[in-house]
1. Regarding Glu263, is this residue of a type in the set (D, E, K, R), buried (at least 22 other Cβ atoms within 10 Å of the Cβ) and in contact (Cβ under 8 Å) with a residue 12 or more places away in the chain?
2. With (1) buried (at least 18 other Cβ atoms within 10 Å of the Cβ); (2) within 15 Å of Ile253 (Cβ to Cβ) as the list, and Met166 as the residue in question, which single condition is left unmet?
3. Pairs please, first residue from segment 99-124 and more than 20 Å from Glu156 (Cα to Cα), second anywhere and assigned to a helix (DSSP H, G or I), Cβ atoms under 6 Å, 6+ apart in sequence or on different chains.
4. Quick one: which residue in Ala308, Ala267, Ala312, Ala273 is of a type in the set (A, V, I, L, M, F, W, C) and touching a Leu at 6+ places or on another chain (Cβ under 6 Å)?
5. Here is a list: Ile253, Ile276. Which entry is crowded, with 16+ Cβ neighbours inside 10 Å, among the β-branched types (Val, Ile, Thr) and closer than 27 Å to Glu144 by Cβ?
Amino acid sequence: MIKAIQENEQEQDRTMLMSDSTEFDGDVVAIPESQSRSKRKLLAGTAALALLGVIMYAASRKSGPSFLSSDIKRAVQLDETAAPPSKFYVVKHTFKSKEDVKTYWEAASNLDYGPLMEAMHDAVYDSKIAIPLAEEGPIYCVFEQKAGMSKDDAQEYVDKWIKEYMGVEMNNEVMPLAFPPYKSFFAADEADSSRRLGGGKKAGPIFYLQEMVIPESVSQEDVDETLTKMEKMSWDKWVKDGEGAGFHDNMCIAVEGGKLNLEVIDAKPGVTASDIEGFTSKWLKDNQDVTTYKLKAHKISNELVGGAAGWAAMGFKHEF
């Protein structure tokens, strides 16, 4: 799937997310760069606003746009003669005890996001995407690490960050990504300094996170065969066929090695997790002769993410 995304010459010219041209229902608010340096403590104690606060703060910093799934090729075709400015990781956070869940969300509701993000950037890290599958987890976050550091450094940073700011120790599985899911915060050619956040549709967007996992029981020979078949995948056909079935694949967060892909998907009302899983399974079998992946689609709580504004701040536009 990775190579197919990067080499697909017939990709559609889709609109970049969170750029000046992005449209949303409701009022549009531009966050000026000056606001990103001020203290912005959340007034509400809800978990939704707590999570949204850090994402909105990160979105107001200088950074390039995020990309729709079919725009990933543009995102990853950097100057091949220059070293990448950063490394991306997806982190799967899980709670060690049920008692920690309440502590975590209470801490989140009282975070002072301005200093928090300034400290993160001073430590040469950035984070814009946080997707909880449920209040009790797991929580998937994307962290960016400036070039010159290692996965072990990222693991140490995330572990300390969670303990210091959230007041709990969590299981933090740090997994390097195969390619950037959005433009690097640390790129030398950073783009415009504002993002647009939309008020969203009245009914609220419907998003799923689909985990595509090749089980550990699968032999390496079968893994290699699967990845070879996936390299020939037509990303445009996948997106077009999915839209015909009532959902849109916004972003592929692909872990190195090809055994785990996380697809951020928005769907029409009435489309269920089992619909997405069933369609994906059949599509992969019919089009790629692939039956290796174990699929699990999770409907994401708008309350935990912060609704349409939270999704927009992370770079996702609801297509339906």
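1. Answer is yes for this residue.
2. (2)
3. Once the first residue is more than 20 Å from Glu156 (Cα to Cα) and sits in segment 99-124, its partners that are assigned to a helix (DSSP H, G or I) give Trp105/Ala47; Ala107/Met166; Ala108/Ala50; Ser109/Ala50; Tyr113/Gly53; Tyr113/Val54; Tyr113/Tyr57.
4. The match here is Ala312.
5. The conditions single out Ile253.
Just so you know, all these numbers are worked out from the coordinates, no wet-lab data involved. All values reported here derive from a predicted model rather than from experimental measurement. Glycine gets a Cβ as well: all are built from the backbone with ideal geometry, and neighbour counts include every protein chain shown.
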